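A short write-up of the structure that comes next.
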Amino acid sequence: MVRAGLALILVGWASFSLAADRVEYTIQFDPLGNQVLVEMDLPEGETAEKFWMSAWVPGDYERFDYGKTVTAISFFKDGEEVKLAGRDGVNGFVAEDKFDAVKYTVKPSRGNFSYNLFLGRDYAWLSPAGVLGFAEGGLAKPVSLTVKKIDGWKIHGAIEGRSTDSGYTLDAKNHEEIGDSPVVMGRNLATVKFEVGGKPHFFVGFGNLAGVDVAAFGAMCQKAVEQGLKEFGDLPYPRYTFFGEFGNYPAGLEHGTSCRLGFWGTDARQMSGLIFHEYVHAFNVKAIRPKELRPIDPLNPPVVDSLWWLEGVTDYFSEVWRLRAGVIKNEEFLAEMRSAYESTLRNPAYAKVSAAESSRRVFEVRGSQGFGGVSYYTKGKVIGFILDLMIRDASEGKRTLSDTFRALYKETRDEVSYGRTMILDLVRADVPGEERAEELVKLIETAEPVPWNANLVKAGIVDRAGRLVKGSDLTVNQMVVWESLFGKD
């Protein structure tokens, strides 16, 4: 039910003519009707007979079938209505004849980590992947999206747009890019702008901002970006936005040039884990992708073996980056690793399902966390820590898992995807030997217990009364590995 207090005078459908080769969308928020009105116009001279809504959205590995959110749909050809002939499954809509325009309404929806569409009293959120449908054969075409403004509300898009008195227009190279480019509109958007690596960045706060130090959140986001630049030497986007929502839907989701952060607290340091995790995704998932995710197929959920890397190792790197950025201390980092490992011990499912199986079978269950009770977030985080210790030990502190990360980034630039074995191949190069190679495969492909203590000892780390601490009387090599991770005391 829509909350009272927001008035909106609805105007008729509008069609914006931009480049003739573009698919043009117009979206108009209707908070009183708890829906949005969407119009899609095909490029001049083009027609289609089928219209589709996505089955899933990037970053959320569960099938939601967004055709279910469509409440009304009409087709048109040269301004004349074309009747709906029927449905093609849950997400397909078939016209009786060819059409060049579609008008439809969509109700609010959400996934596991973010809204696709939220309509509130003071702000509205749009993540287009679950809201914008597409004509058959139209995924690769250039796109323009115009969001109609609400009087008195500010607007910010992940893509820099063209603003007029009535609308805000974003241009994208294809449907995937526009689908991955959220827009927020509200009465009181609080924006912090900063520059890193010669590129503009934004923290946009909205929701319940009472007691929130927006500048502190902007500063924490800047720390994440600065660390990313130190790690990779460049930034894989033209500009980036941290969308920070307070007091509503505590979760996070990565996008191509932005992320949505649903905060459950008002202390920027306490929320830094979420900030860093989602920002690492600007590299790992968005810039670095497996072949199963390039390009995105919105109708067919992918089978991805490496979600343990994309999510779990991202979580590990977020802790490493927070440590290097001075946000957390050594003992806090070690406590995070111990907590993740303890989670795998408490759950007997981890003795039955491997990280790879948890990844590739995630669409068989709900929750976008993994299959069979095994979270690829947790297992992948532990694996990331173990791999890092193995590499540091084998190289006497000269190489780290971050080097693997950078090599993967270099190999997948310019929209190249990585194959099924590339991650392991890169790690094997730093951890040579047949026995170690077998151990690497076991870590990922089997449900055998992770070699926890055997790898902790390589860095002189001991598990003492449930806490990971630096041991005493470290050997020369243990000290080298310890200092490569934590620096000198």
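The values are calculated or read from the model by the stated rules, or taken from the named source; none is laboratory data. The structure displayed is predicted, hence computed values, not measured ones. So basically every Cβ, Gly included, is an ideal-geometry build from the backbone, and we count neighbours across all protein chains shown.
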Selection status of residue 245, closer than 25 Å to residue 312 by Cβ and either over 18 Å from the mean Cα position of the chain (by Cα) or assigned by TED's automatic domain parsing to the domain that holds residue 171 (or both): no
Please go through segment 25-42 and give me each residue that is over 13 Å from residue 145 (Cβ atoms) and more than 25 Å from the chain's Cα centre (by Cα), ordered by number. 30, 31, 32, 33, 34, 37, 42
Hey, residue 456 touching a Leu at 6+ places or on another chain (Cβ under 9 Å), crowded, with 16+ Cβ neighbours inside 10 Å and assigned to a strand (DSSP E or B) or not: no
Every pair of residues 6+ apart whose Cβ atoms lie under 8 Å, when the first sits in segment 461-473 and is without any contact (Cβ under 8 Å) to a residue 12 or more places away in the chain and farther than 9 Å from residue 335 by Cα while the second is surrounded by 10 or more Cβ atoms within 10 Å (Cβ to Cβ) and basic (Lys, Arg): 462/470
With the condition being surrounded by 22 or more Cβ atoms within 10 Å (Cβ to Cβ) and either β-branched (Val, Ile, Thr) or out of contact with any strand residue (DSSP E or B) (no Cβ under 8 Å at 6 or more places or on another chain) (or both), I'd like the strands (runs of 3 or more DSSP E) fully within segment 87-151 carrying at least 1 qualifying residues. 101-106, 143-148
Checking 298, 290 in turn, the sole residue that is under 18 Å from residue 417 (Cβ atoms) and buried (at least 24 other Cβ atoms within 10 Å of the Cβ) turns out to be 298
Under 9 Å between Cβ atoms, at least 6 apart or on separate chains: pull out the pairs that start in segment 92-103 with a residue that is in contact (Cβ under 8 Å) with a residue 60 or more places away in the chain and end on any residue that is hydroxyl-bearing (Ser, Thr, Tyr) and in a strand (DSSP E or B). 101/74; 102/74; 103/74
Does segment 74-92 include one or more residues that are of a type in the set (Ser, Thr, Tyr) and closer than 16 Å to residue 136 by Cβ? no
State the number of residues belonging to segment 178-203 that are within 23 Å of residue 132 (Cα to Cα) and among the aliphatic types (A, V, I, L, M). 4
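Looking at this structure, is residue 400 closer than 19 Å to residue 289 by Cβ and out of contact with any Gly (no Cβ under 7 Å at 6 or more places or on another chain)?
It is false that residue 400 is closer than 19 Å to residue 289 by Cβ and out of contact with any Gly (no Cβ under 7 Å at 6 or more places or on another chain).
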With criteria (1) buried (at least 19 other Cβ atoms within 10 Å of the Cβ); (2) out of contact with any Asp or Glu (no Cβ under 9 Å at 6 or more places or on another chain); (3) over 29 Å from residue 380 (Cα atoms); (4) modelled with pLDDT of 95 or more, residue 167 comes up short on (4)
Residue within segment 215-233 that is over 15 Å from the mean Cα position of the chain (by Cα), farther than 16 Å from residue 195 by Cα, in a helix (DSSP H, G or I) and at pLDDT 95 or above present: yes
